[in-house]
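Reviewing the structure listed below.
Each reported figure results from applying straightforward, stated rules to the coordinates on display, with no laboratory input. Nothing here was measured: the structure is a model prediction, and the numbers come from that model. Here Cβ is always computed from backbone atoms with ideal geometry, including for glycine, and neighbour counts include all displayed protein chains.
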Amino acid sequence: METTFLNEALYNSAFINIAIYISVNFFLFYSWYFFLFKKKDYLSFTERLIGTFILSLTQIIFTEMLLGVVFKKLYAMPLFLLNISISSGVLILALKQNQRIVPRMQTTLILQEFKNKIDWFFSVIKGDLVLLCIFGLFLISVCWMIFLGYLFPSYVWDALWYHLPMVGYIIQNGAIQENPTPFLISFINTLPKNIELFFLWNTIFLKSDIVVDLSQLPFSIAGVLAIYSICIKLRIKREYAIYSSLLFFFTPVVILQSTTNYVDIAVSVLFLIAINFLMYDEPKNYTDNRGFINLREIKIPILLSGLTTGILLGSKLSGPLFVVMLSAVIIIQESIKRINPLNIISSGHKGYRTSNNKCLIKEGLIPYLIYFITPVF
């Protein structure tokens with residue numbers, strides 16, 4: 001009788017943990033997608049999905065840092081309540097920005113958009129037998145990865161050496177802090193921990209590491225979406241864009257690492273996402289009368305790129321190199337457009353030749369510092 005009662009208690013506890021984990025993830029995703037839904041005039045459906053993923057990841061890292069570094073109370077229930085509170089605030093903010101649409105109507109519009117996009121997608125791949133077969137293999141591969149991640153514990157060397165020990169120390173102490181460690185793994189106190197905090201997220205609510213091996217799989221899928229979005233912005237035919245995005249997924253290293261607790265896929269995908277948000281689809285919507293892109297008009301994509309780069313910066317020791325590369329792209333791009341002699345000659349604005357440097361600083365670099373560099377840090 002006592003054994004039966006104990007088993008039932010453990011079963012109920014596990015069920016509650018799973019319910020908490022699913023509900024907090026759903027609310028997190030829904031609140032940020034709800035927020036970005038009204039940005040659909042300049043963010044495509046794919047970009048809103050990617051943006052929701054990045055904003056959700058940002059909130060996860062922010063709340064864990066707040067509880068773990070500032071309050072030293074990084075436990076499941078405080079983390080759950082804090083994220084539910086922030087997500088509720090995001091929903092309220094989104095509703096205040098568009099008071100004409102009630103939540104039920106907004107939800108209906110979101111569901112209708114998902115249905116329309118799914119119908120469109122299947123109408124595209126049905127017309128190409130090879131693409132249909134490849135997508136079928138993609139679905140089978142994802143299901144197989146989920147099965148493997150659920151079935152096997154963590155087994156790869158780096159995960160057991162330092163990625164998961166970081167998570168273990170944080171759960172043990174309820175805080176993100178320097179820990180006394182053996183000499184061979186003493187460096188874990190100085191390594192960036194952003195992706196490990198996502199590993200923590202997939203562990204702390206379930207009180208189990210049963211799905212922690214699957215932590216990189218969402219990044220792999222986000223990489224597929226990012227490649228597709230980049231291809232569309234390059235005016236590649238949609239069928240070929242789907243081919244290209246699935247090709248990324250079937251890269252051997254992606255297949256191998258999607259069920260391991262490494263950070264390499266996450267870092268690669270974050271870099272791709274940052275590049276994607278720096279590419280402006282239909283730039284004529286964001287240009288002034290001189291043909292220059294106004295960074296203030298595209299602050300949301302630039303902000304999302306900055307947040308992505310910030311997560312990347314705190315994910316690997318080589319993160320600063322990616323920040324430098326992305327910063328150089330923006331600075332060079334803005335400088336060429338505003339200082340190029342051809343632009344000076346073709347401009348009919350009086351005094352424009354003498355105000356190029358001011359124009360570069362005011363309309364190019366200052367918005368860049370505000371919308372890109374600030375969220376990086």
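One Cα centroid belongs to the stretch 22-43, the other to the stretch 246-277; the line between them spans 23 Å.
Starting from 0.36 nm per residue, how many nanometres of slack lie between Ser13 and Gln172 once their C-alpha separation is accounted for? Please report the intermediate quantities before stating the final value.
On the way: separation 159, 0.36 × 159 = 57.24 nm, distance 1.98 nm.
Taking 0.36 nm per residue and subtracting the Cα distance, the gain is 55.3 nm.
At 0.36 nm per residue, minus the direct Cα-Cα distance, what do Ile236 and Asn116 gain on full extension? Give it in nm, one decimal, please. Intermediate results must be reported in sequence, preceding the final value.
Details: separation 120, 0.36 × 120 = 43.20 nm, distance 2.15 nm.
The span from Ile236 to Asn116 would gain 41.1 nm if fully extended.
Using the Kirkwood formula over every pair of different C-alpha atoms, what hydrodynamic radius in Å results for the stretch 2-279? Present the calculation step by step, with values, prior to reporting the outcome.
Values: mean 1/r = 0.0486 Å⁻¹.
Radius from the Kirkwood sum: 20.6 Å.
Counted by neighbouring Cβ atoms within 10 Å, the residues Phe62, Phe219, Phe135, Phe377 run from fewest to most as Phe377, Phe62, Phe135, Phe219. In this structure, the pairs whose alpha-carbon distance is over 23 Å, taken from Lys117/Lys299; Lys40/Lys115; Lys117/Lys237; Lys39/Lys126, are Lys117/Lys299; Lys39/Lys126.
In terms of packing, defined here as the mean over residues of other Cβ atoms within 10 angstrom, the peptides 310-320, 164-174 line up highest first as 310-320, 164-174.
Applying the Karplus relation 6.51 cos²θ - 1.76 cosθ + 1.60 with θ = phi - 60° to the stretch 118-125 yields 3J(HN,Hα) values of 5, 4, 4, 4, 5, 5, 6, 6 Hz, where x marks Gly and Pro. For the stretch 183-197, putting each phi into the Karplus relation 6.51 cos²θ - 1.76 cosθ + 1.60 with θ = phi - 60° gives couplings of 4, 5, 10, 5, 5, 5, 6, 10, 5, x, 10, 4, 5, 4, 5 Hz, in residue order, rounded to whole numbers and with x for Gly and Pro.
Its relative contact order, with pairs defined as Cα atoms under 8 Å and 6+ residues apart, puts the stretch 2-279 at 23 percent. Taken one residue at a time, the phi angles of the stretch 40-54 give Karplus couplings (6.51, -1.76, 1.60, θ = phi - 60°) of 5, 5, 10, 10, 5, 4, 4, 5, 5, 5, 5, x, 5, 4, 5 Hz. Gly and Pro are set to x.
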